[in-house]
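Read through the structure below, which is laid out as structure tokens, and then see the notes.
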Amino acid sequence: MKQTDEHLGGSTTGETGEAGLRTGRELPPPPTRAGIRGAFQIRTVPYPWRRATRAAISMGLTVTVGALVGNLSWALITSMGAFTAIYAGAEPYAQRAVKCASVAVGLSLALGIGTLLAGSVWGIAIALCVVCAGATFFCGAWRVPVPSAYFFILVGAVGTGMPVEPAAAPFRAALVLLGGAIAWLVSMAGWVVNAHGPETRAVGSAFRSVADFLASVGTPSNDAMRHQATIALRDALEAVTGGELRWRRTKEAYRLYLLVQEANALFLCGIQLTLENRPVSPLLAQAVRTLGARVGRTEESAPIEIPTITYDTEVRRRMAKHLEAAVGIAVGSTPIPDGGEVPEGRSLGNELRGAFRKESLVRPATMRIGVAVVVSTLVAWALGNPRPYWVPLTCACVLQGATMVASVHRTVQRALGTTVGVLIAGGILALKPPLVLVVAAIVVLQLIVELLIVRNYGLAVVFITPLPILLIELGHAQMSVAALIEARFFDTMVGCALGLLASLLLWRRASSSRVRPVIAQVIYAVDDVLRSCARPGVKPPREVSLSRRAALQAALINLRLVYDSAINELPNNGIALESLWPVVVSTQRLGYLALAMTGVRGERPQVSDAERATLAHLVRSAETGRPPIQNVPSSAAQTAFGEEIASLRDGLVTAATAL
């Protein structure tokens with residue numbers, strides 16, 4: 001490693017302890033409701049070429065395999081299993097194997113249920129309700145990112161729109177499972193080349209997010225960058241502990257785990273740096289960012305430049321120690337032990353149980369989409385459509401937006417994208433192309449969809465729309481091209497209207513009603529972490545300390561998610577939500593400070609009994625909305641933790657008077 005002459009702290013005055021604490025830190029601006037322009041916003045994120053390529057190759061192979069038997073319908077059904085490859089994300093290959101196999105089974109069940117119950121309008125309604133609600137619940141509980149439940153819903157809808165043959169349900173489901181098996185092989189192929197590729201990328205991303213957080217110290221964006229770093233660190237830890245370390249301890253796997261630990265330690269030191277009145281050298285963030293780039297390149301010999309650390313505070317000495325340790329591990333100069341104690345990986349069972357908690361947004365989203373697809377199916381049938389799969393499909397797509405504003409965005413994007421998409425599908429059908437061109441068209445469409453969906457859903461819908469139309473109509477066309485375009489356009493408008501209506505009427509304040517309970521959950525989790533470390537001379541079991549810290553981290557992430565969602569609900573109590581913003585900020589700062597004070601190994605924090613008693617009182621105030629009566633002890637207000645408790649109490653008083 002190489003040291004530069006710039007100091008990490010930018011100051012060498014030697015101030016220590018609480019003298020450098022910042023009082024009255026600036027409150028970041030509250031999140032604002034996204035306007036209609038949000039539907040047209042193009043996100044500046046990298047194109048997911050890996051996922052898009054996997055999806056396109058899987059689609060091409062599955063259609064080709066199906067076509068080899070000489071039956072176009074079988075080929076198209078098999079291709080629906082290729083959607084499995086879309087769900088291969090940043091998880092390690094051990095998790096990906098299970099995840100993709102589960103997705104393949106889920107897609108197969110979705111088509112099988114749709115085929116089995118497609119003989120009547122009530123059967124279609126029940127089938128789509130089961131598929132939509134089930135996919136929404138499991139994808140929400142297990143935090144499956146975009147496209148989340150969409151392709152399960154699409155395949156279930158396609159199953160109800162195909163020729164009615166209930167006896168063919170097992171065979172069609174088997175064809176989808178065959179396509180899923182092919183996509184599984186494609187998704188797992190990278191393991192042969194780089195067995196630790198996903199974990200390495202996740203750890204590198206965590207270091208970059210920590211670097212962004214450190215660079216934001218002292219700026220209004222610090223709270224937002226801290227939130228993003230927390231998510232990246234959680235994802236990196238889940239990737240590392242969910243990979244090879246689940247069954248064996250190789251040096252490379254354990255090296256990645258040690259790097260995550262050091263990244264987390266740097267993050268916790270950064271939280272404490274935000275309490276000091278001195279600037280942080282930009283070279284510190286640059287060194288951490290360089291670490292992220294070197295995680296997967298141990299053979300590179302160029303030294304990593306890190307700033308000279310001024311050992312004027314305890315937190316800076318700890319940061320120096322962790323920075324040097326991370327550099328040593330990253331460049332390969334530090335020997336990696338054969339193995340050590342590693343926490344258990346992500347528990348899907350715990351996450352399923354968490355989805356049933358009252359603070360979770362998964363339950364209302366599941367119930368909303370279940371009710372809406374049943375109603376939309378019956379409405380479409382009442383309007384004279386004997387095979388009403390497109391209306392509930394569109395309605396379900398609109399409801400993939402978690403709030404009313406998000407549903408408005410989805411409606412605009414779906415309406416405009418479908419208008420262009422049905423014209424593309426109509427053009428392909430009108431040409432009556434040979435099978436080889438059909439395969440090429442579907443592959444290209446799938447590739448474009450995966451490249452665009454992370455940037456703007458509306459652009460992706462243009463190329464998503466032709467897929468179900470081609471999968472249903474090719475091989476057994478039921479109407480002319482002109483009639484098909486007209487029917488799909490009309491069904492889209494009806495589905496969008498019903499989706500908007502469902503967002504407006506069903507559990508419309510699900511997020512707003514959960515803001516206070518989630519605040520209380522975070523405060524309680526803070527107290528839980530402190531209690532696990534409070535007894536002098538008694539160190540809690542490591543698994544207990546880690547589980548409680550993980551629970552606090554999850555509650556902190558959920559708090560921001562729920563508040564951001566509440567802001568975008570219509571209608572909402574804007575005054576009450578605005579008054580709660582300082583409470584949300586103080587609660588998050590208190591939670592992160594508790595994590596930093598207890599450290600990565602659960603050290604005993606210097607928190608008085610009076611401070612902890614005040615926390616218990618604030619939990620009740622957050623839950624009930626009543627102003628807290630108990631004051632923060634004057635002795636407690638002299639510490640950083642006491643300052644945050646006082647800020648939280650003041651915020652709760654103000655919020656209570658605003659109601």
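Brief remarks on what is shown
- Pair list, Cβ < 8 Å and 6+ apart or interchain, from segment 325-351 residues that are buried (at least 16 other Cβ atoms within 10 Å of the Cβ) and part of a helix (DSSP H, G or I) to residues that are among the aliphatic types (A, V, I, L, M) and at pLDDT below 70: V327/M1; G328/M1; I329/I336; V331/M1
- Test: residue in segment 243-266 that is within 17 Å of V295 (Cα to Cα), modelled with pLDDT of 90 or more, of a type in the set (S, T, N, Q) and open to solvent by 30 Å² or more (accessible area, probe 1.4 Å): yes
- The residues of segment 28-47 that are part of a loop (DSSP other than H, G, I, E, B), open to solvent by 80 Å² or more (accessible area, probe 1.4 Å) and modelled with pLDDT under 85, listed by number, are T32, R33.
- Of the candidates A365, A406, A402, A372, the single residue that is in contact (Cβ under 8 Å) with a residue 60 or more places away in the chain and open to solvent by less than 10 Å² (accessible area, probe 1.4 Å) is A372.
- Options L504, L459: the member that is open to solvent by 50 Å² or more (accessible area, probe 1.4 Å), at pLDDT 90 or above and over 18 Å from L393 (Cβ atoms): L459
- Among the residues making up segment 580-616, those that are at pLDDT 90 or above and polar (S, T, N, Q) are S586, T587, Q588.
- Taking the listed residues E15, E6, the one that is outside any loop (DSSP other than H, G, I, E, B), within 28 Å of A285 (Cβ to Cβ), modelled with pLDDT under 85 and open to solvent by 40 Å² or more (accessible area, probe 1.4 Å) is E6, with no other qualifying.
- Residues that are open to solvent by 10 Å² or more (accessible area, probe 1.4 Å), of a type in the set (S, T, N, Q) and assigned to a helix (DSSP H, G or I), drawn from segment 51-106: T53, T64, S73, Q95, S102
- Matching residues in segment 151-168 - criterion: being open to solvent by 10 Å² or more (accessible area, probe 1.4 Å) and either under 18 Å from G81 (Cα atoms) or touching a Pro at 6+ places or on another chain (Cβ under 9 Å) (or both): F152, A168
- Number of residues in segment 426-440 that are surrounded by fewer than 19 Cβ atoms within 10 Å (Cβ to Cβ) and either assigned to a helix (DSSP H, G or I) or touching a strand residue (DSSP E or B) at 6+ places or on another chain (Cβ under 7 Å) (or both): the value is 7.
- Single residue of A425, A415 found to be more than 28 Å from L504 (Cα to Cα) and modelled with pLDDT of 85 or more: A425
- Single residue of segment 210-225 satisfying the filter (of a type in the set (V, I, T) and buried (at least 17 other Cβ atoms within 10 Å of the Cβ)) that is farthest from the chain's Cα centre (by Cα): V217
- Within segment 486-513, residues that are at positive phi reach partners that are open to solvent by 40 Å² or more (accessible area, probe 1.4 Å) with beta carbons closer than 8 Å, at six or more positions or on different chains, in the pairs W507/M367.
- Residues considered: V155, V176. Of these, the only one that is touching a residue at least 24 places away in the same chain (Cβ under 8 Å), in contact with a Ser or Thr (Cβ under 6 Å, 6 or more places away or on another chain), of a type outside the set (S, T, Y) and in a helix (DSSP H, G or I) is V176.
- Entirely in segment 186-304, the helices (runs of 4 or more DSSP H) that have 2 or more residues that are touching a residue at least 12 places away in the same chain (Cβ under 8 Å) and touching a strand residue (DSSP E or B) at 6+ places or on another chain (Cβ under 9 Å): 282-294
- Selection within segment 297-324: residues that are of a type outside the set (K, R) and at pLDDT 85 or above. The member of this set that is surrounded by the fewest Cβ atoms within 10 Å (Cβ to Cβ) is E324.
- Considering residues of segment 360-375 that are under 17 Å from M404 (Cβ atoms) and not β-branched (V, I, T) only, the residue modelled with the lowest pLDDT: L361
- Failed item in (1) assigned to a loop (DSSP other than H, G, I, E, B); (2) farther than 30 Å from Q553 by Cα; (3) open to solvent by 50 Å² or more (accessible area, probe 1.4 Å); (4) not aliphatic (A, V, I, L, M), with W381 passing the rest: (1)
- Test: residue in segment 539-547 that is open to solvent by 20 Å² or more (accessible area, probe 1.4 Å), at pLDDT 80 or above and not β-branched (V, I, T): yes
The values are calculated or read from the model by the stated rules, or taken from the named source; none is laboratory data. Note that this is a predicted model, so its numbers are computed, not measured. A quick note on method: Cβ atoms are made from the backbone with ideal geometry, for glycine too, and the neighbour counts reach across all protein chains shown. Protein only, heavy atoms only, side chains kept; ligands, DNA and RNA dropped before computing areas. Shrake-Rupley method; radii C 1.70, N 1.55, O 1.52, S 1.80 Å.
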